[in-house]
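Here you go, one structure.
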């Protein structure tokens, strides 16, 4: 799953479309699951690439191969009305070009989108020749063959929504205990017979003069037709402003967004095929000379099956033995995730403006070994992690610290904080809460109050997932581009608007405040604290148990002494502050244990879980 998450950064994976509306993509997770399954079953990397670039063009393409093309549906997409569709189609095509070039070739082709550069071996014409491979891509949502389970789930959910909608409609039709066909006189009487008060309230409404005059009359003076109008208005007004109407509105939204069992794929346009042109200054309205699909002229040429090359030809060229980049880029990504930086430091730029490799012979050797092993990703990782270089300590001697501060000589192992999703996963695992189910639809764990109001315009109601789903790994959290999950962003999760080869690693006070106080992280401390409080071991044994859970190592005598003193101070303090002890323990009381003792162990757990060592790959 973790290696799959690395690829999803490159694929700019998110569960929403982006832009102002930023509607949720209810089925985007199927592509995410395809990536995870591909990594788990060790699908050869060359097949992994071919299926994502052109799975739909393979002979007798399977559903799985079509799902793989979801790589090219992960781009941001503008669903607003009034946009220039050709403009945004062009933007999406450019994004597909840049994503393919960066993720697989380690090239920044986008530099040549508007014009050529004298120092760059890739001219503008090459950019649009590459663009031509994707110029006839059509977005296509397809039913999932044999997905009886998915369809059954959808039908059951739809039936439940319709049932609740019908129940609420019946409630809405009942006004203050009276059927809507009851007389308006009875309605007035039920309000204390205060027509003047009613008239005053009606003045506050934005009504047409005709309707205002009609509603001001006594009910006895209404004609049958006018009575129908008045009743209809009252039913609409009540349904809009009382709790029932609000509930119906929420259910209507849920019904609209109920995910249907389909997958997001691409297909090749067969009728009215578009010709590709060099776009002057990158402007889709200014078409220059026509171009045919082709790979960059600075790289070995592509051989096509037919007169005109297509995406399948491109996909096979990308992982051909004659391509000098793809294997090296893949190896460099693996090395970077294991060492904190790549053999080529600029992971997204193997071009003339990027950094040269620090160990070119090592990079070449690993790339050859990778291709000779039939692009076996697990064998590549095993080869690296069993090496003497990888198994070094991260300890820095004074001499190395001054002579090689950036560890370019690989004389020691690197030390760096884990990714945002793993931060949360580590907390859940140490607390014994982590639910290790693989794949499936997105989850909605607890969020800090008020964060949904930060969405630009269109808000999504965040309904917290039930246990144990809300304790699943962080990569399954619904990621909404305009309002992402807060703790993920605090720990430098990517925004997923563009292909990202390397995450930032910041160090801010907000990160420490989050792991101390965010409801999810605090709940983990509560769970670990309850487990320690429930143990019948000695204090020292429990402290060692806590260290093994959090740090995967026993405490040395000095650390044990410090934590022993901390525990004693916590017991004394919570013993004098019973209300605070009850608040800290919350829904995690330990059986047959005084509340202040449980609160003290929660304090110890919070301390260990917030150590730098806990969040750092050492």
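The values are calculated or read from the model by the stated rules, or taken from the named source; none is laboratory data. Bear in mind that the values here come from a model prediction, so they are computed numbers and not experimental data. As a convention, Cβ positions derive from the backbone with ideal geometry for all residues, glycine included, and neighbour counts pool all protein chains shown.
Tell me, please, whether a residue that is crowded, with 19+ Cβ neighbours inside 10 Å and over 30 Å from residue 548 (Cβ atoms) can be found in segment 469-478.
Scanning segment 469-478 turns up at least one residue that is crowded, with 19+ Cβ neighbours inside 10 Å and over 30 Å from residue 548 (Cβ atoms).
I would also like to ask the following. Is it the case that some residue within segment 290-298 is within 30 Å of residue 142 (Cα to Cα) and touching a strand residue (DSSP E or B) at 6+ places or on another chain (Cβ under 8 Å)?
yes
Inside segment 6-71, counting only helices (runs of 4 or more DSSP H) that do not spill past its ends, which hold 1 or more residues that are closer than 21 Å to residue 267 by Cα and within 18 Å of the chain's Cα centre (by Cα)?
Of the helices (runs of 4 or more DSSP H) lying wholly inside segment 6-71, those with at least 1 residues that are closer than 21 Å to residue 267 by Cα and within 18 Å of the chain's Cα centre (by Cα) span 29-40, 63-68.
Of 281, 273, which residue is under 29 Å from residue 66 (Cβ atoms) and either out of contact with any helix residue (DSSP H, G or I) (no Cβ under 7 Å at 6 or more places or on another chain) or part of a loop (DSSP other than H, G, I, E, B) (or both)? Walk me through it before giving the result.
Details: 281 fails: under 29 Å from residue 66 (Cβ atoms).
On inspection, the qualifying residue turns out to be 273.
Assuming residue 504 fulfils every condition listed in (1) under 19 Å from the mean Cα position of the chain (by Cα); (2) surrounded by fewer than 18 Cβ atoms within 10 Å (Cβ to Cβ); (3) over 23 Å from residue 8 (Cα atoms) apart from one, which condition is it?
Of (1) under 19 Å from the mean Cα position of the chain (by Cα); (2) surrounded by fewer than 18 Cβ atoms within 10 Å (Cβ to Cβ); (3) over 23 Å from residue 8 (Cα atoms), only one is false for residue 504: (3).
A follow-up question, please. Scanning for something surrounded by fewer than 18 Cβ atoms within 10 Å (Cβ to Cβ), within 27 Å of residue 611 (Cα to Cα) and in contact (Cβ under 8 Å) with a residue 40 or more places away in the chain, does segment 438-449 turn up at least one residue?
yes
Can you find even one residue in segment 97-114 that is in a loop (DSSP other than H, G, I, E, B), closer than 25 Å to residue 479 by Cα and at pLDDT below 95? First the steps, then the outcome.
Initial filter on segment 97-114 (in a loop (DSSP other than H, G, I, E, B)): 106-108, 113-114.
Right, trim to closer than 25 Å to residue 479 by Cα and you get none.
Taking every residue of segment 97-114 in turn, none turns out to be in a loop (DSSP other than H, G, I, E, B), closer than 25 Å to residue 479 by Cα and at pLDDT below 95.
Then there is this: State whether one or more residues within segment 34-46 are surrounded by fewer than 23 Cβ atoms within 10 Å (Cβ to Cβ), touching a strand residue (DSSP E or B) at 6+ places or on another chain (Cβ under 9 Å), touching a residue at least 12 places away in the same chain (Cβ under 8 Å) and over 25 Å from residue 345 (Cβ atoms).
No, every residue in segment 34-46 fails to be surrounded by fewer than 23 Cβ atoms within 10 Å (Cβ to Cβ), touching a strand residue (DSSP E or B) at 6+ places or on another chain (Cβ under 9 Å), touching a residue at least 12 places away in the same chain (Cβ under 8 Å) and over 25 Å from residue 345 (Cβ atoms).
Can you pull out the residues in segment 462-485 that are at pLDDT below 95 and in contact with a helix residue (DSSP H, G or I) (Cβ under 7 Å, 6 or more places away or on another chain)?
Selection gives 462, 464, 483.
Restricted to segment 268-284, and to residues that are within 34 Å of the chain's Cα centre (by Cα) and free of Cβ contacts under 8 Å to residues at least 12 places away in the same chain, which residue is nearest to residue 141 (Cα to Cα)?
Checked segment 268-284; the qualifying residue nearest to residue 141 (Cα to Cα) is 270.
Wholly within segment 306-385, which helices (runs of 4 or more DSSP H) include no fewer than the required count, namely at least 3 residues that are modelled with pLDDT of 95 or more and surrounded by fewer than 16 Cβ atoms within 10 Å (Cβ to Cβ)?
360-372, 377-385
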